Amino acid sequence: MNSSILKIAAASLIVAASHCHAEGAISFSRDITIDRSPATVWKYVGDFNAVDLWHPAVRNSTLKGNSTKPGAIRTLKLADGSELVEKLLAYNAAKGSYTYTTLKSPFPIKNYVSTISVSPTADGKTLMTWSATFDAVGVDEDIATEWVGVAFDGGLGKVSANFEKPQ
Amino acid sequence: MKTLALKVTVASLLLATGSCFAAGALSVSREVTVDNSQATVWKLVGNFNALDVWHPAVIKSELKGSATKVGARRLLTLGDGATILESLLTYNAAKTTYSYSIVKSPLPIANYKATITLTPVDETHTLMQWSSTFDANGVSDEQASTIIGGIYDAGMAKVVANFKKQ
């Protein structure tokens with residue numbers, strides 16, 4: 001039994017060591033179906049340095065590094081003048097997905113790691129998913145989650161609206 | 001006088017060989033002010049293969065070649081299923097401008113050559129210009145110009161809306 005516990009403990013350590021970032025206790029995800037192909041939607045949302053195109057709260061995004069290479073850093077200037085600094089952790093154009101972490105943020109969260117992905121639906125549309133894990137800082141978890149939810153909804157709503165067929 | 005006439009003729013010939021495309025007799029130009037920086041607006045309109053993101057009539061854009069290299073071709077699929085094939089003639093990211101021609105389209109025009117250019121107004125406003133020269137083909141000059149102008153108006157209105165402050 002001792003041996004078995006030791007093995008589990010060792011396995012846990014290996015799993016923990018394989019993560020580059022502390023994983024937040026809160027997990028949150030939103031998705032939306034967009035009436036367009038993933039290839040086209042990816043042109044809008046797949047550029048790590050172009051969230052200033054598709055998120056209504058982001059006025060400008062400036063990049064250090066290569067926007068398709070892990071380690072790239074984007075500085076987002078928000079409409080209210082505040083700034084977010086985020087780092088690209090993984091980028092896969094073929095799969096339509098990228099993952100990033102927040103280095104500096106005005107929001108009451110930390111250990112934020114987030115993934116944006118687009119994938120095809122059975123009827124040729126696109127499922128866009130935005131998910132994150134994070135911890136609350138100085139606020140209730142519900143409040144922190146609310147912040148993230150509002151941010152996700154704002155971006156996903158604009159992307160969806162952009163590809164609505166004109167009336 | 002004969003010498004002068006000859007010189008003018010030679011000059012005309014030189015001009016003609018200097019341009020790769022016959023210049024159309026008609027010209028249409030539109031411009032709008034967009035409520036964001038030149039760098040940000042260029043991310044949207046500066047990609048030769050992303051008209052399917054910012055023009056409401058274009059459902060799909062597929063590229064052959066590099067989107068920043070002369071000779072690249074984009075195949076646009078419209079909402080009604082029609083397709084337009086266009087070729088990149090010049091691309092200058094530093095000057096935020098590119099020009100292209102239509103290779104094949106159902107539009108009643110010929111010799112179409114167009115340019116899209118962004119110019120900063122100030123740090124947070126950008127002038128977007130879309131202009132072209134072409135000839136009418138099977139319709140009146142006025143009808144052809146109305147069709148092209150309508151295409152520009154629709155695209156530019158969407159770009160303006162994309163960056164409109166909430």
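Worth a mention:
- Neighbourhood charge, 13 Å Cβ-Cβ cut-off, centred on A:G149 and excluding it, Lys, Arg +1 and Asp, Glu -1: -4
- By a 1.4 Å probe calculation restricted to protein chains, B:L85 has an accessible surface near 40 Å², given to the nearest 10.
- DSSP H segments from chain B that extend 20 Å or more along their own axis, Cα-based, with Kyte-Doolittle mean of -0.5 or above: B:2-18, B:141-162
- Convex hull volume per residue for chain A, taking Cα atoms only, in Å³: 152
- Taking one quarter of the surface of the C-alpha convex hull of the range A:82-167 gives a mean projected area of 7.3 nm².
- In the range B:73-166, GluC sites (Glu not before Pro) in a DSSP loop with at most 16 other beta-carbon atoms within 10 Å: B:E123
- Computed over chain B with a Gaussian network model linking Cα atoms closer than 10 Å, the most mobile of B:P56, B:P106, B:P120 is B:P106.
- Helix A:2-18 axis, angle to chain A major axis (alpha carbon atoms, nearest 10°): 30
- At an R0 of 51 angstrom, the distance between the Cβ atoms of A:D140 and B:D135 translates into a FRET efficiency of 0.15.
- Around A:P108: net Lys/Arg minus Asp/Glu count, Cβ-Cβ under 12 Å: -4
- Under the criterion of Cα pairs below 8 Å and six or more residues apart, the relative contact order for chain A equals 26 percent.
- With semi-axes defined as the square roots of five times the eigenvalues of the C-alpha gyration tensor, the equivalent ellipsoid of the range A:31-122 measures 22, 15, 13 Å, largest first.
- Pairs of lysine residues in chain B that meet both criteria, 8 or more places apart or on different chains and Cα atoms under 17 Å apart, total 10.
- With the simple spin-label model, which puts each label point 7 Å out from Cα in the Cβ direction, the A:S27 to A:K165 separation comes to 3.7 nm.
- Neighbourhood net charge (10 Å Cβ-Cβ; Lys/Arg +1, Asp/Glu -1) for B:I84: +1
- Chain B against chain A buries an accessible area of about 1500 Å², both chains summed, 1.4 Å probe radius.
- Heavy-atom accessible area order for B:D35, B:D141, largest first, 1.4 Å probe: B:D141, B:D35
- Amide H contacts of B:V34 (H built 1.01 Å from N, in plane; Pro and chain starts excluded): B:T126, B:L127, B:M128 sit under 5 Å, all sequence-distant by 5 or more or on other chains.
- Every Cα-Cα pair of the protein assembly as shown was included, and the share exceeding 33 Å stands at 38 percent.
- Carbon-plus-sulfur accessible fraction, the protein assembly as shown (probe radius 1.4 Å, protein heavy atoms only): 58%.
- Among A:S117, A:S105, A:S97, the largest mean-square fluctuation in a Gaussian network model of chain A, built with springs joining Cα atoms closer than 10 Å, belongs to A:S105.
- Solution diffusion estimate, µm²/s, Stokes-Einstein, chain B, Kirkwood Rh from C-alpha pairs, 10 °C, viscosity 1.306 mPa s: 93
- Pairwise FRET efficiency - A:V150 versus B:D122, Cβ, R0 = 45 Å, nearest 0.05: 0.90
- Helical runs assigned H by DSSP (4 residues or longer) give chain B a calculated mean residue ellipticity at 222 nm of -9500 deg cm²/dmol, each run adding -39500 (n - 2.57) before division by the residue total.
The values are calculated or read from the model by the stated rules, or taken from the named source; none is laboratory data. Note that this is a predicted model, so its numbers are computed, not measured. A quick note on method: Cβ atoms are made from the backbone with ideal geometry, for glycine too, and the neighbour counts reach across all protein chains shown. All accessible areas refer to the heavy atoms of the entire protein, side chains included, with ligands and DNA or RNA removed. Shrake-Rupley method; radii C 1.70, N 1.55, O 1.52, S 1.80 Å.
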